[in-house]
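Report on one structure; see the data block that follows.
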Amino acid sequence: MDFRRISRIYVIGAPGAGKGSLCAKLAADFGFHHLSVGDLLRQLARSSSLKPKILSKIQQSVLLDMEDLAPILRDAIADLRKDTQDKLRLLIDGVPRMLEQAAPIEEAARMPDRSIGSPDLVLFFDCPGALARQRFLTRQLPGRVDDGSTFDTRYQQYYAENMRIVAYYERRGVLVKVDTSGDVDCSYARLLQGLASCAKGSSEAAEASDEDVLD
């Protein structure tokens, strides 16, 4: 796998697992656009541009149905394409949050605009719950109300679905698991190591396949 050819990465992990910080570094170093679904929804909620039903779900930390979420993502990605002359490389942080979201998101690849589509890789940022909670409560991001109740609600949603999502993408052969229990620099080093191992493994598999053909 040539990482330079990767154009679409999904990022999953618990709230407080380090998705925002690590995605920002990866985006800066490798020319990706970091699209945080949570940040996007909160921004739209503040602008009052959402339907009341969708706005109410966001305010109550209720997961959106794909029929509501997919158009929002397509519009956001279409806007990024307008501002990008080169091939758009996306880090989509926050999907899927339910296994049932995975197939509808990937079905979008068959639509004319191909705006969402199947991931080339899925990064799973793995962090112990207690540490994730501590980070969540102390990060003090502007415009966010990150209290214990909010974390508990979101973590319960994450915990209920995550094992199924991880297993799904492991079977697909696109999952890269990263231990993000260290600080940002340590976790980022592990992320780069995981990507390098993934690329090496894909290269070795391709070489073995070529040898089988020659035999």
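Which ordering of Thr153, Thr180 is given by a fewest-first count of other beta-carbon atoms within 10 Å?
Thr153, Thr180
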* To do: Fewest Cβ neighbours within 10 Å first, please rank Met66, Met163 accordingly.
  => Met163, Met66
* Mind listing the long-range amide H neighbours of Leu90? Cut-off is under 5 Å, sequence gap 5 or more, other chains count too, H placed in the peptide plane at 1.01 Å from N. => Arg8, Ile9, His33
* **Fewest-first ranking of Asp83, Asp120, using other Cβ atoms within 10 Å as the exposure measure** => Asp83, Asp120
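Bear in mind these aren't lab numbers, they're just calculated from the coordinates by the rules spelled out. Because the structure is predicted, anything quoted here is derived from the model rather than measured. No Cβ is skipped: glycine too gets one built from the backbone with ideal geometry, and neighbour counts run over all protein chains shown.
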